Amino acid sequence: MTACFRAVIVLTCWAGFLAAADEPKLTKLPEKLGANVMESSPLWHRGRLLMFHSHRVDVPKPDLSRMYLFLADPESGKELARFGQRHSLGSALVEGDTIHAFAAWHSDDDWFHDIYHFWSDDLKTWHRELAIAREGGEHLLNSSVCRDEHGYLMAYESDKPVAFCFKFARSKDLRRWEKIPGLVFTGEKREYSACPVVRYFKPYYYVIYLHAAIPGHNGWVSFLARSQDLAVWELSPKNPILEAGEGEGSNNSDVDLIEIGGKTYIYYVTGDQQTWGDLKRAVYPGPMKEFFASYFPEGVKLVRVSAEENDGGYIFEHNERKPEEMAAARARIPPVRVTLPANRLARLPATMKRLREGPSLRIVMLGDSIVNDTARSCWHELVAGHYPKCRVTRVVSVRGGTGCWFYKQPGKIQKYVLEHRPDLVVIGGISQRHDVASIRECLHQIRAASPCEFLLMTGPFGAANPLEGDDWRKRLDGGKDEQYAAELRALADEFGAEFFDLQLAWGEYVRQAGKPLEFFKRDAVHANAEGEAVLARILEAYFLPPR
């Protein structure tokens, strides 16, 4: 899979030095907790601290009998349970009296493959099942699981599309996992981002991950990022949060952490990533939520990065057709006269005020290829011609065959709508699948972050043929389009949004134009330039104040 990462630099230079008193109080402890135990997790189980370890043989052709998972008593060092031969790069968590572990399986000759789930109630009998299967020849490596409001979230490392990156999956019960499509984290510049450990404290997900060497720092360092939706991440201005010091080689990696007695203990591995490493820990004198928050001080603007892969959508402001091309198309169509709602524009007071008084109006059109064709008609320029004080900008945010069932996914509304600072959001098209609930979810997401107004429209063209008779829409898709129009109108009423039945207005025009339907279409579904000109004239008329 191919990923497209966009780094947004919110701050071009840091806001000076912070006072020392504001620095996170993370103190490295002097003791060494073990050698040759890379990935480790501290666990509080039945009233005592246990350690989960991955015993790894890190050579090109390892003796797989020496690769396994085990639990140990950190006080005595005594091994309490051994399981998961040929598995490594693991992490663990406790749920009730059950210990759950997740680790990658090592193949005979092709490194690590899938991630497996182990669990036991008594530390004697261990169950094993597949959790995450690899795709496209990728190799799956470290993983980490935390609880959140939806159940459980896993961050798991892969070597594709970038060596290394991490992806996400969800589960309700720790046993059945669903990958979250379209999200791959590779930091700011498609860079090495390995060994994730994930935690959740509402409203943020936090991930500590390993970053490759950077100028001015010693070897592999640990970075911290946070996100509210897993799609857009903010990097801590205090990165790196862990860096190898004296006696620690060139590595501070494979972090895991636990809160005990109101303090947060951070476990990490030193060494050189190849021949040696010691397990150590640091302590923060406060709860874990406070520890994470301390690395994101208020008032400091942050570097933001996107984990969204290329999802096939398009976002642009330019006109796809030249103004003279659309002017010629408008001249070729019969005059456009349709019945418009008498109370139109009543729910767009801010939009109309901007049009009348200026200085600007930003419109985001969200939907499918039909919305793209509507936008390509240059209708906004016709409207702007009636309001000379206002500069109208139209942003086209579309994806073929797509409706709000797609845009409601994490990060999509931010990418396709909010980043473009809309004053008016137009949602339409023929690919909504009659799914009004998903449109409602998108409206909620937008309204939570923006004071913009909404125009909800039904979709023209597609398979509809207004020339088939007076009841053409009742017969279209078994009457579902007509029912959808009624439900969309009700949703507009619920949200105080504007509603325009564009499909019905377009159909009225086609029935009176005296032209075959093919005159307005370039294929079985889409409008040609003449069809787009019809839509432009209809929307131009719609935005003229009722007389």
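With distances taken between every two different alpha-carbon atoms, the range 495-538 has a Kirkwood hydrodynamic radius of 11.3 Å. Size check on the chain: the Cα extents along the three principal axes, sorted descending, read 89, 52, 39 Å.
The protection proxy used here, the mean number of other Cβ atoms lying within 10 Å of each residue, ranks peptides 451-459, 296-304, 231-239 as follows, highest first: 451-459, 231-239, 296-304. Each Lys and Arg adds +1 at its Cβ and each Asp and Glu adds -1 at its Cβ; summed about the Cα centre, the range 44-97 shows a dipole of about 180 debye. Distance distribution P(r), the range 102-169, all Cα-Cα pairs, bin width 10 angstrom from 0: 20, 47, 28, 6 percent. The trypsin sites (Lys or Arg not before Pro) of the range 97-144 meeting both criteria, a DSSP state outside H, G, I, E and B (loop) and at most 10 other C-beta atoms within 10 angstrom of the site's C-beta, are Lys124. The ranking of Arg433, Arg344 from fewest to most other beta carbons within 10 Å of each one's beta carbon is Arg433, Arg344.
Diffusion coefficient of the range 216-357 by Stokes-Einstein, Kirkwood radius over Cα pairs, 37 °C, 0.692 mPa s: 154 µm²/s.
Rounded to the nearest 20 debye, the dipole size of the chain about its Cα centre is 1520 debye, using +1 on the Cβ of Lys and Arg and -1 on the Cβ of Asp and Glu. Give the residues of the range 62-78 whose amide nitrogen is closer than 14 Å to a point set 7 Å from the Cα of Arg48 in the direction of its Cβ. It comes to 71-78, nothing else.
Of the residues Gly312, Trp276, Ser227, the one whose Cα sits farthest toward the positive end of the charge dipole of the range 219-315, with +1 on the Cβ of Lys and Arg and -1 on the Cβ of Asp and Glu, is Ser227. Normalised by the number of residues in the chain, the mean separation of alpha-carbon contacts (under 8 Å, six or more apart) gives a relative contact order of 11 percent. Only aspartates and glutamates eight or more places from Lys480 in sequence, or on another chain, were considered; those with a Cα closer than 15 Å are Asp435, Asp471, Asp501.
Its Cα centre serving as origin, the range 314-542 has a Cβ charge dipole (Lys and Arg +1, Asp and Glu -1) of approximately 540 debye. The distance linking the range 266-282 with the range 123-172 is 22 Å (Cα centroid to Cα centroid, whole angstrom). Computed from Cα atoms, the angle from the helix 529-542 axis to the main principal axis of the chain rounds to 80 degrees. Beta bridges from DSSP with both residues in the range 314-542: antiparallel share about 15 percent, rounded to the nearest 5. Cβ crowding within 10 Å ranks Asp114, Asp109, Asp122, Asp481 as Asp109, Asp122, Asp114, Asp481, fewest other Cβ atoms first. Ordering Gly479, Leu456, Gly496 by the projection of their Cα atoms onto the charge dipole of the range 451-516, which places +1 on the Cβ of Lys and Arg and -1 on the Cβ of Asp and Glu, puts Gly479 at the extreme positive end.
Of all lysines in the structure, the ones whose alpha carbon falls short of 24 Å from that of Lys124, not counting any fewer than 8 places away in one chain, are Lys78.
Where a number appears in this text, it was derived from the coordinates with a stated rule and is not lab data. On a predicted model such as this, the values are computed, not experimentally measured, just so you know. Heads up, the Cβs are rebuilt from the backbone with ideal geometry, glycines too, and the neighbour counts pull from every protein chain shown.
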